[in-house]
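Bear in mind that the values in this text are calculations on the coordinates, not laboratory data. Keep in mind that what you see is a predicted model, and the values were worked out from it rather than measured. Cβ placement follows ideal geometry from the backbone for every residue including glycine, while neighbour counts extend to all protein chains displayed.
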């Protein structure tokens, strides 16, 4: 017999700590603005926690994340099992801390509390859940739809930079998720090129799309030195650049720059996209108008649109005003697709995100058409 919560929904059976309906770490009432955490320096401003300089006269409290750390009361945990974590401990720890850095930069309340060696494995205790879990769940949801179990390999992209793409041998598909910062970027670009040239299914999410644009610009379009201004402000070809112009709700246009508040230069929430008929993305969604959630600061630079449109890369989904490129794909490739959005945010076991579902389907087809000597080794199991 299934156990249910009071609301009538099936209880979750994942390994993350589940909080009750009453969160004792949620600060009572509405915080005064600005308020700063006297322990970590996080700033509560414009309704959200962020990082910034402490304003004069700001109230001081201890933020929920610091309270959890003081009380040693994690909100979630993840357990890593298997021999790989012991054989490649430095790489695994680097992956863990890199994931924390990415989350913590944008979500100050998302932190690692401790990392412990226990009988059941390497246990990471956190103050919050984070993006890698959502990515992993979205992949597994696609596998459920295809009636297969997805075997995930997490590859440290700095190793691809130093050791080459032989690390990718035997994979049936490659995904580059969202993130930020220069660490491992060139390794990710090498992996994207490897997928393109070896006709391996590829899915890029947010940063994964931006790097796909950079890879294609350098190696196919011929824009030597193409890059994102996030990684190289002096690049001769800024094919990916900071969002600098915004339309406010009242229709007014606001100019922003690198010096603007980080939250103020971020595109957040759901945006509508129009898909090109006959494209893989339109086929995946089953319609030509979709809405997906976003969380990014850098986008495809429309100055280079004509040069990409003259190539085999299809700008297969854009905003209704055609200013924001939302989806790209290669016309003559089994599955090489990327999106600026985060479709994993809406993925569910019974209704997987369409792109993840078709990505897994393409991987399955490749595995059936090009069988190897067995599945690639699983780096470690995540509980």
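Note on residue 62 and residue 291: the extension gain reaches 78.7 nm, defined as 0.36 nm multiplied by sequence separation minus the Cα-Cα distance. Once the Cβ-Cβ distance of residue 323 and residue 48 is raised to the sixth power relative to R0 = 30 Å, the FRET efficiency obtained is 0.70. A protection proxy built from the mean count of other Cβ atoms within 10 Å ranks the segments 210-223, 53-66, most packed first, as 210-223, 53-66. Placing a label point 7 Å from the Cα of residue 162 along the Cα-to-Cβ direction, the residues of the stretch 189-219 with a backbone N closer than 20 Å are 189-192.
Put a dot 7 Å past the Cα of residue 303, heading toward its Cβ, do the same for residue 348, and the two dots end up 4.4 nm apart.
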